[in-house]
Amino acid sequence: MVDRIADIWGPRTPHPRGTVWPARVDQHLEDGLTDADVDRWVPSACLLCSNGCGCDIAVKDGRMVGVRGRATDVVNHGRLGPKGLYGSTVWARSPDRLTRPLVRENGRLVETDWDTAMGRIVEVSRRLLAEKGPLSHGFYTSGQLFTEEYYTLAVIGKAGIGTPHMDGNTRLCTATAAAAFKESFGADGQPGSYTDIEHCDAIFLYGHNMAETQTVLWARILDRTRADDPPAIVCVDPRRTPVAAEAARTGGVHLAPRVGTNLALMNGLVREQFVNGWVEEEWVRRHTLGVDDLRAAVEPYPPEEVARICGVDAGDLRRAARIFGTSGSVLSTVLQGFYQSHQATAAAVAVHNLHLLRGQLGRPGAGVLQMNGQPTAQNNRECGADGDLPGFRNWDNEAHVRELAALWNVDPLVIPHWAPPTHAMQIMSYVEEGSIGLLWISATNPAVSMPESARIRRILAGEQCFTVVQDLFLTETARLADVVLPAAGWGEKTGTFTNVNRTVHLSQQAVDPPGEARSDLDIFLAYAAAMDFRDADGRPLIRWRTPEEAFDAWREATRGRPVDYTGLSYARLRGPTGIPWPVNEDAPEGTDRLYADAEFPTATDYCETYGHDLLTGAAVTEQEHRALRPDGRAFLKGAAWTPPHEETSDEYPLLFTTGRTVYQFHTRTKTGRSRALHEAAPDAWVELSPADAAGLGIAEGDVVRVESPRGAVEVRARIGQVMPGAVFAPFHYGSWDLDGAAAGERRQANELTMTVWDPVSKQPYFKTAACRVTKVRDGDGPAPAPTTAASAPATGRLPGTAGGAPTTSRVVPTPDYPNDPAGGR
């Protein structure tokens, strides 16, 4: 029995390199229940981080009462993290669930019936289409719906209405991952596999506090680093996270660059590969383009210059570069520390450059995982409910547009490919000025999660736009809507979703949703039927009615594309494990890692994009791309480092950066309703270095005001593990407590952040705002920050974070896992 609040990663099962990760089943049942009390177990996968752990839902008396990991699943081998164990099911029975539609009357949201609520949406939608056309509609969705729902929404938006104004909060967390893959390899899709952990000599984590954001994956790494032959860990992070501690323990390196200097650091690492002769010249010649231009781009970044720009030790940079350049196999993972920071796409592409220069792709232990921040972000990118076309098709390729038009039986001109897709930040600007008159928000809370959140609240509260929100609870965003639609959540509907390493899972409905709540698929289908969208022959545009029928339609949309689902079906996905795409006649059991043949989807007629200039975002034309004759070769691309948009000054001498804590997920819609998770991290805080705190006269727990040119928060201070000159804050905490009481904006980290985005991925920057910190008053106790991971105090002893109900963790015989190079079929 284990308290998984106190013991985040659970018991260790160390094993030698090249062997299968042992299976360990983690389980938590609520209310003191035992296995004998459970009526049935329903297969699913966890939705509380992007790892995608296979699990089963415990059902008793028609209620979800707990979860257990599935030992046979290739992703997690039975393990679950604290959020999955304590937060997966308890939210479903929360008394403040939305159970009936709401409409705004005389400034207040009041309950109504579905016909009235949908009738209002349809009336506004038809009027705007008649008066202003398709550009009057915008859709902003999530990284937490199912494949079937994303694809249905994509068809509605792109073929029914014909609007380019579609994006998701995936723009905030994973757009740079997709953009970087497209720039380097020609199409989206993770090259690497979780199984690379078992085979690599070194693991580089760039801006990725995996120990808190993907706890099960970090447990997998710990089971290698605690063996007798551990891989070396290299951590790039301005905080001393558990990842940084493991780097020190394994003889690796912790590089803590100044906020906003990631690209300079990466250019230095790439330059060292050239200078020291660690480049696989023949492999590069045969399988890449652009090596000479890259060499010239990184030449101005010797270690001493990188040290000056980044504030790292030149010797540490050389040591990290040597680990990469001399290891037989390297796995790299990347997350928000790169994606949400300055020159995001260029920095993420530089990770690919390292792997391409050394031929470190497509074989066990050698891979890249540009991680997602959300569990189904990959599906949003695949299906085209964001700024992409379904099936990784090229927005600028007329043949690709005609393929979709034929599939949907619509005129190609209906599909809005005549202009670039509209990214989320631009959508909000169009809403602000009134050119978008209907904004439909699904399963996300932009009033808390978007940058410069005071501006977002003003936009959503304005009368210039009719706002629809479908969600589980009356979030900060839903409170501002004109119509609120009650949605079914995880376990209350059926659908598929795909995790970071392309593994597709089927989540089966375990219980009925409360009251009149409906699945997101049913809501979209109801809207499409009410709007009477038709194809070119007068038939209904959306011809599916069930999740399985929607999946079959999506499967056909992937035929012949890199994201090929044609060998998958609900029947296959009801098996013991998820299956990684592509799955087709050539790969009937799925594909553990991409590019084993060093053939990349870069051909001009096949690729998902023609590419961009990494510094300016200028698009490469089809003619320019064709002239390069990529013919299956990857692109090596570089760019010069430039200073961030907002630098420190006498008035704002520190740099503000946001992030996550292990016990909360996004805006706490689910995890905040778990008592164990809430009490582990109940309120907002900021972290200061001991040196900065001493200079400002601030002690642990003091209430401080952190202010940028855009806004301020007043929260308690943790004297912690962040580097001098930086201030860290978690972004999870909104302006309302989960009991419905107003908490105020003074704890929302995104009050301080900027409306600035990357020129290529259009992902906004959350990590490079200038700020100042002043003490407001003495504290009456320590900050509410956890003590178990990166938010641990730098000095002094504080009570340990604990309090999770006991869970069981038991090692079981390890099954054969398909596609695992260390064993299995």
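The values are calculated or read from the model by the stated rules, or taken from the named source; none is laboratory data. Here the structure is a predicted model, which is why all the values come from computation and not from measurement. Because the Cβ atoms are built from the backbone with ideal geometry, glycine has one as well, and the counts that use them run over all protein chains shown.
The figures follow:
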item	result
Given (1) out of contact with any Pro (no Cβ under 9 Å at 6 or more places or on another chain); (2) touching a residue at least 12 places away in the same chain (Cβ under 8 Å), number of the condition Met118 does not satisfy	(1)
Some residue of segment 730-741 being aliphatic (A, V, I, L, M), surrounded by fewer than 16 Cβ atoms within 10 Å (Cβ to Cβ) and at pLDDT below 95	yes
Members of segment 88-113 that are under 32 Å from the mean Cα position of the chain (by Cα) and surrounded by fewer than 16 Cβ atoms within 10 Å (Cβ to Cβ)	Arg93, Pro95, Asp96, Thr99
From the options Arg458, Arg381, Arg393, residue that is of a type in the set (Lys, Arg), over 26 Å from Tyr194 (Cβ atoms) and touching a Gly at 6+ places or on another chain (Cβ under 9 Å)	Arg393
Among the residues listed as Ser761, Ser708, Ser735, the single one being in contact with a Cys (Cβ under 7 Å, 6 or more places away or on another chain) and of a type in the set (Gly, Ala, Ser)	Ser708
For Leu615: the one exception among (1) part of a loop (DSSP other than H, G, I, E, B); (2) in contact with a Cys (Cβ under 8 Å, 6 or more places away or on another chain); (3) within 25 Å of Gly337 (Cα to Cα)	(2)
Residues (in contact (Cβ under 8 Å) with a residue 60 or more places away in the chain, among the hydroxyl-bearing types (Ser, Thr, Tyr) and either assigned by TED's automatic domain parsing to the domain that holds Val662 or assigned to a loop (DSSP other than H, G, I, E, B) (or both)) located in segment 1-48	Thr13, Thr19
All helices (runs of 4 or more DSSP H) inside segment 140-230 with 1 or more residues being over 21 Å from Trp757 (Cβ atoms), in contact with a strand residue (DSSP E or B) (Cβ under 9 Å, 6 or more places away or on another chain) and β-branched (Val, Ile, Thr)	147-155, 210-213, 215-225
Total residues in segment 431-485, condition in a loop (DSSP other than H, G, I, E, B) and among the small types (Gly, Ala, Ser)	6
Which listed residue is surrounded by 19 or more Cβ atoms within 10 Å (Cβ to Cβ), free of Cβ contacts under 8 Å to residues at least 24 places away in the same chain and in a loop (DSSP other than H, G, I, E, B), from Thr814, Thr801, Thr787	Thr787
Subset tally (residues that are in contact (Cβ under 8 Å) with a residue 40 or more places away in the chain and charged (D, E, K, R)) for segment 614-661	7
Residues located in segment 49-70, provided they are farther than 24 Å from Asn209 by Cα and without any contact (Cβ under 8 Å) to a residue 40 or more places away in the chain	Asp56, Ala58, Lys60, Asp61, Val65, Gly66
Any hit, segment 567-575, residues being under 29 Å from Phe338 (Cα atoms), touching a residue at least 60 places away in the same chain (Cβ under 8 Å), out of contact with any Gly (no Cβ under 6 Å at 6 or more places or on another chain) and not assigned by TED's automatic domain parsing to the domain that holds Val291	no
Unique residue being in a loop (DSSP other than H, G, I, E, B) and among the acidic types (Asp, Glu) when the list is Glu700, Glu687	Glu700
Test: residue in segment 382-393 that is touching a residue at least 24 places away in the same chain (Cβ under 8 Å), closer than 27 Å to Gly462 by Cα and among the charged types (D, E, K, R)	yes
Residue, farthest from Leu172 (Cα to Cα), within segment 396-426, restricted to residues that are hydrophobic (A, V, I, L, M, F, W, C) and modelled with pLDDT under 95	Trp418
Matching option when the condition is touching a Ser or Thr at 6+ places or on another chain (Cβ under 6 Å) and under 21 Å from Pro238 (Cα atoms), among Pro644, Pro690	Pro644
Which listed residue, of Leu98, Leu135, is over 12 Å from Val484 (Cβ atoms) and either touching a residue at least 60 places away in the same chain (Cβ under 8 Å) or assigned to a loop (DSSP other than H, G, I, E, B) (or both)	Leu135
Any hit, segment 528-544, residues being hydrophobic (A, V, I, L, M, F, W, C) and without any contact (Cβ under 8 Å) to a residue 40 or more places away in the chain	yes
Residue in segment 122-129 that is outside any loop (DSSP other than H, G, I, E, B), under 20 Å from the mean Cα position of the chain (by Cα) and within 26 Å of Ala419 (Cβ to Cβ) present	no
Helices (runs of 4 or more DSSP H) contained entirely in segment 328-426, each with at least 2 residues that are over 18 Å from the mean Cα position of the chain (by Cα) and not assigned by TED's automatic domain parsing to the domain that holds Asn276	398-408
Residues within segment 487-532 that are basic (Lys, Arg) and closer than 24 Å to Pro582 by Cβ, tallied	1
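Rundown of residues vs (1) farther than 26 Å from Leu335 by Cβ; (2) not polar (S, T, N, Q), yes/no style:
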site: Val368; (1), (2): no, yes
site: Gln374; (1), (2): no, no
site: Cys383; (1), (2): no, yes
site: Gly434; (1), (2): yes, yes
